[in-house]
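To keep things clear, I will list the structure first and then write my remarks on it.
Only the coordinates and a few stated rules stand behind these numbers; no lab work does. Computed from a predicted structure; not experimentally measured. Glycine also receives a Cβ, built like all others from the backbone with ideal geometry; neighbour counts cover every protein chain displayed.
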Amino acid sequence: MYDVVIIGAGPAGASAALFTAKAGKKTLVVDNDKSVTKRAWLENHYGVAEISGPDLVAVGKKQLSKFGAEIVQATVTTINKIENGFKIETDQNEVEATHVIVATGMMTDLAETIGLTTKPGTEPRIKTVLDVTAAGKTNIEGIWAAGTVAGVSMHTIITAGDGAKVAINVISEMNGTRYVDHDMLKS
């Protein structure tokens, strides 16, 4: 059983996975490889002169692998509650996890199918988003949401930050104490 399954490897999902994997949580990212980030050109990330969306996604996936997150290309078809978490079914197989983070960008079909509460979006071209708490919790205990699908601005730097925030909240809940990840320069 995974500690966390993250649906989507765009900036929100990859950032969430980076934090959960780095914190030692058994992490699986399920990605359908349809992120709109793959069409982006980015010159608005602090500390990065410029990067293409495909390169941003590729670098993100390398970071995930470095810290032990698993990444599979598949489409999640449904999520069902089980005794100690969730069974996540994909078009390839099924896995189990204690927590799920939905980071599906503009796509809410899966979320609506499994009973997550939605509300109107406020971003241009984003009609529907999930109704989440400030921490990223949905109406189903143990399922969280991050990034555009959670009503956050579509800008990749913002969705990445939201993914990190939600992951920290998931890790904190799992640990029973507030989680902090601060790396220091090595001398």
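Structure values in brief
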item: Vicinal HN-Hα couplings computed from phi for the range 75-92 (Karplus, 6.51 cos²θ - 1.76 cosθ + 1.60; Hz; Gly/Pro x); result: 10, 6, 9, 6, 10, 10, 6, 10, 3, 10, x, 9, 9, 9, 9, 10, 6, 10
item: Gyration tensor verdict on the range 45-139 (Cα atoms; rounded if a/c is under 1.5, prolate if a/b is larger than b/c, oblate otherwise); result: oblate
item: Cβ-based exposure ranking for HIS99, HIS45, in which fewest neighbours within 10 Å come first; result: HIS45, HIS99
item: The range 2-175, dipole about Cα centre (Lys/Arg Cβ +1, Asp/Glu Cβ -1), debye to the nearest 20; result: 320 debye
item: Footprinting exposure proxy for VAL5, VAL95 (fewest neighbouring C-beta atoms within 10 Å first); result: VAL95, VAL5
item: Ranked by how many other beta carbons lie within 10 Å on average, peptides 104-112, 154-162 from highest; result: 154-162, 104-112
item: 14 Å Cα-Cα reach of LYS26 towards aspartates and glutamates, excluding residues that sit fewer than 8 places from it in its own chain; result: ASP3, GLU70, GLU96
item: Cβ-Cβ FRET estimate between LYS81 and VAL180, R0 fixed at 25 Å, reported to 0.05; result: 0.25
item: Kyte-Doolittle mean at least 0.5 and Cα axial length at least 27 Å: DSSP H helices in the chain; result: 156-175
item: Set of lysines near LYS34 by C-alpha distance (under 22 Å), chain-local residues within fewer than 8 positions excluded; result: LYS61, LYS62, LYS127
item: Neighbour-count ranking [beta-carbon atoms within 10 angstrom, fewest first] of GLU123, GLU43, GLU83; result: GLU83, GLU43, GLU123
